[in-house]
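Since every read-out is calculated from the coordinates, none of them should be taken as a lab result. Fair warning: this is a prediction, and the values are worked out from it, not measured in the lab. Note that each Cβ is placed from the backbone with ideal geometry, even for glycine, and that neighbours are counted across all protein chains shown.
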Amino acid sequence: MKTFISVVAVVILVWTFFPVYYMVLLSFTPTNDLFQPGLYVEHPTLRNYVYTMGQDNPFVRYFWTQLGTSLIVSVWTMVGVGAVAALGSFAMARMKFRFRGYVSGMTLFTYVIPSSFLAIPFFKMMGDYDLIDTKLALVLAMITFASPYALWVLSDYARSLPPEIEEAGALDGAGTLQTFFHLYLPLIVPPLIAIGTYAFLYAWNEYLYALLLLTGERNIPLPVAMSNFLTTDNAPWNLLMAVSTVYSIPPVVLYYCFKRYLVSGLVSGAVSGS
Amino acid sequence: MTPAMREGVLAAPSRVRLSPFRSRTLQGLLFTAPLLGLFAAFVIYPMVFGLWYAADLDSYRGIFSDPVFQQTVVNTLWYVGVAVNVKLFLALLLSGMLDYRYRVVKILSALFLIPWAIPALPGILSFRWMLNSQWGIFNHLLTKFGLPSVPWLAQHDTAFGAVMIFHIWKYLPFWTIIFLAGRRAIPNELYEAAAIDGAGVLQNFMYVTFPLLRSLYLICTLLSMVFTLGDFTVPWLMTGGAPGDSTHVLATLAYRYTFAMGRLEWGLATFAVAMPVTLVFIFVLMRWVKI
């Protein structure tokens with residue numbers, strides 16, 4: 001039994017890892033070796049990274065700007081989702097109010113409906129408001145679609161907090177807002193970190209809305225810029241893989257730093273993914 | 001692990017704990033106002049807009065008589081029906097394996113989530129280069145062993161197969177972790193009792209694990225199917241509909257109708273066709289899952 005499991009585990013390791021290994025491998029491959037496929041690099045080079053960082057190739061001319069756009073959109077999404085979900089979860093988990101069921105239903109509806117179904121009308125709408133090519137449009141879309149899950153995880157956690165929070169607040173004569181800021185917020189920091197990471201990654205990984213809402217080399221975030229490589233026949237794949245590797249690093253680092261929070265958040269509250 | 005997870009059903013709000021607080025409709029609505037504002041502006045409004053625009057019957061006549069649309073529906077059914085279910089079944093099996101405490105399994109569980117952690121695009125690029133018919137590693141190996149090379153992304157079956165395989169590669173780890181958590185929530189006494197009755201691995205799975213994971217498995221299936229129904233990124237970046245627009249799914253076809261062909265009403269109708277199924281899924285889920 002142990003041998004069998006070990007063999008299966010090794011097979012799955014290879015299956016899981018090979019595409020990632022191959023990406024990193026190609027990013028160290030000089031252009032001359034690109035067309036002689038192998039399982040390792042014969043003449044490893046850092047040139048692809050040097051070109052990328054130095055923006056020393058027409059394909060990566062705006063690398064830092066595009067990376068910056070990705071970063072700005074992701075950070076604002078994180079902030080927005082954190083704020084919206086923290087406020088919402090206080091009501092959903094700690095209050096009993098009319099229409100609560102409708103709010104819950106709406107949230108779940110937004111969580112479940114594929115965001116691509118709404119992309120075209122959303123694009124039209126942003127066109128009407130003259131918000132095409134602004135990061136604001138993309139951030140608004142990202143906050144909308146990342147909030148439901150965040151609310152879910154936060155509310156689930158907040159429900160497990162003792163009722164003494166409100167009682168302590170009431171004793172001190174604090175209003176609802178003070179209770180929220182001084183008693184509730186400090187207590188939900190761990191799940192807030194988890195959903196902040198989740199929101200950041202959601203925006204960082206987003207492709208469709210970024211493709212629709214932002215245009216022009218100086219405006220687009222990194223994934224859209226990378227996919228533009230694909231439309232030309234002579235795409236420099238090794239360079240593209242260097243960009244891919246750089247683009248993959250933040251999510252992987254975040255994931256390993258906050259793995260504990262992320263996984264427990266994912267599992268305790270709900271499920272997300274695709 | 002919450003007790004609710006144990007039954008595989010997500011927690012319903014507990015009324016008991018809420019009892020100390022009075023009903024505060026205004027406050028509740030104020031705290032959820034940002035959320036409701038976003039949903040109204042960016043979910044309800046676009047949806048109504050889209051359905052209203054797609055209400056013209058001519059667009060449906062148009063798309064239903066388009067062979068590309070027919071092929072797309074078939075592709076989408078394969079994607080949502082087959083790829084998702086194969087993925088979830090594998091995830092269920094794998095989650096059982098990750099429960100063993102061998103060293104190689106521990107290494108595996110540490111690295112296992114990488115495909116899920118990195119964004120889709122880099123993974124797709126890597127797959128595409130591996131599948132490149134001239135310089136890809138797969139054809140290189142095939143020809144090395146004297147086999148004919150395969151134009152992976154240049155024929156419908158293997159190209160759409162690549163889309164499905166990539167989907168499984170990327171999302172299998174995530175669902176495995178979910179099922180693993182579900183398994184860990186099963187009380188050990190049940191397995192001990194089963195062992196006394198002489199149950200083997202298979203009996204354990206049939207009579208203990210699966211009955212207890214069933215509702216979790218069903219919820220995950222529904223969720224994953226709806227999410228995948230709207231997937232744009234993977235098919236678009238893997239094949240872009242090529243060869244000859246034969247590998248589209250609903251989302252990529254709607255993009256093509258709207259932006260490449262300038263037929264907004266066709267693009268919206270493509271989604272409207274999928275709406276009834278999606279809504280059924282959503283309402284079933286809403287009965288089972290509470291926020």
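Calculate the dipole size of segment B:56-288 relative to its Cα centre from +1 charges on Lys and Arg beta carbons and -1 charges on Asp and Glu beta carbons; express the result in debye to the nearest 20.
600 debye
Quote to one decimal, in nm, the extra length available between residue A:177 and residue A:132 on full extension: 0.36 nm per residue of separation minus the C-alpha distance between them.
Net length gain for the segment: 12.6 nm.
Using only Cα atoms and rounding to the nearest 10 degrees, what angle (0 to 90) does helix A:100-112 make with the longest principal axis of chain A?
Taking the Cα atoms of chain A, the angle to A:100-112 is about 10 degrees.
Filter A:96/A:259; A:259/B:106; A:135/A:259; A:2/B:170; B:106/B:170 down to the pairs with a C-alpha to C-alpha distance above 25 Å, please.
Distance filter (> 25 Å) returns A:96/A:259; A:135/A:259; A:2/B:170.
GNM, chain B, Cα, under 10 Å: largest mean-square fluctuation among B:228, B:209, B:76?
Result for chain B, Cα springs under 10 Å: B:209 fluctuates most.
Between rounded, prolate and oblate, where does segment A:1-160 land on the alpha carbon gyration tensor, with a ≥ b ≥ c its root eigenvalues, rounded for a/c under 1.5, else prolate if a/b exceeds b/c?
Since a/c reaches 1.5 but b/c is at least a/b, the shape of segment A:1-160 is classed as oblate.
Can you find, among A:72, A:101, A:44, the residue sitting farthest towards the positive end of the charge dipole of segment A:1-128, where Lys and Arg contribute +1 and Asp and Glu -1 at Cβ?
Positive-end residue among those listed: A:101.
For chain A, take the longest principal axis of its alpha carbons; what is the angle in degrees between that and the long axis of helix A:237-257, to the nearest 10 within 0 to 90?
The helix A:237-257 is inclined about 30 degrees to chain A.
Name the residue from B:220, B:154, B:135 whose Cα lies farthest towards the positive end of the charge dipole of segment B:56-288, charges +1 on Cβ of Lys and Arg and -1 on Cβ of Asp and Glu.
Result: B:135, furthest along the dipole toward the positive end.
Treating the beta-carbon of each Lys and Arg as +1 and of each Asp and Glu as -1, no other charges, what is the dipole magnitude of the protein assembly as shown about its Cα centre, to the nearest 20 debye?
Magnitude of the dipole: close to 1160 debye.
Under 5 Å between amide hydrogens, which residues at least 5 positions from residue A:96 or on another chain qualify, with H placed 1.01 Å from N in the peptide plane?
Under 5 Å from the amide H of residue A:96 lie the amide H atoms of B:24, each far enough along the sequence or on another chain.
With unit charges on the beta carbons (Lys and Arg positive, Asp and Glu negative) and the dipole taken about the Cα centre of chain B, which residue among B:45, B:247, B:82 sits farthest to the positive side?
Among B:45, B:247, B:82, the one farthest towards the positive end of the dipole of chain B is B:45.
Out of every Cα-Cα pair in segment A:110-232, what percent are more than 17 Å apart?
66 percent
Taking the C-alpha atoms of the protein assembly as shown, how large are the radius of gyration and the largest Cα-Cα span, Dmax, in Å?
Answer for the protein assembly as shown, Rg first and Dmax second: 24.3, 82 Å.
Enter the angle in degrees (range 0 to 90, nearest 10) between the Cα long axis of helix A:135-159 and the first principal axis of the Cα atoms of chain A, meaning the one along which they spread out most.
Once rounded, the angle reads 50 degrees.
Using a 10 angstrom cutoff on alpha carbons, build the Gaussian network for chain A and name the most mobile of A:84, A:103, A:11.
Maximum fluctuation in the GNM of chain A, among the listed residues, is at A:11.
Which three extents, in angstrom, do the Cα atoms of chain A have along their principal axes, listed largest first?
Taking the Cα atoms of chain A, the three principal extents are 74, 62, 32 Å.
For segment B:56-288, what is the convex hull (Cα atoms) projected area averaged across all directions, in square nanometres?
Averaged projected hull area, Cα only: 16.5 nm².
Give the order of A:257, B:220 when sorted by the count of other beta carbons within 10 angstrom, beginning with the fewest.
A:257, B:220
Based on DSSP H assignment, which helices of chain B show an axial Cα extent of at least 24 Å together with a mean Kyte-Doolittle hydropathy greater than or equal to 1.0?
Going by DSSP H runs, the hits are B:210-229, B:264-288.
What's the Cα-based Rg to Rh of segment B:79-151, Rh via Kirkwood?
1.09
Taking springs between alpha-carbon atoms closer than 10 angstrom, which of A:78, A:142, A:106 fluctuates most in the Gaussian network model of chain A?
Answer for the Gaussian network model of chain A: A:106.
Taking the Cα centre as origin and putting +1 on Lys and Arg beta-carbons and -1 on Asp and Glu beta-carbons, what dipole magnitude results for segment A:119-251, to the nearest 20 debye?
Magnitude of the dipole: close to 320 debye.
Rounded to the nearest 500, what is the protein assembly as shown's calculated 222 nm mean residue ellipticity when only DSSP H runs of at least 4 contribute -39500 (n - 2.57) each, over all residues?
It comes out at -21000 deg cm²/dmol, rounded to the nearest 500.
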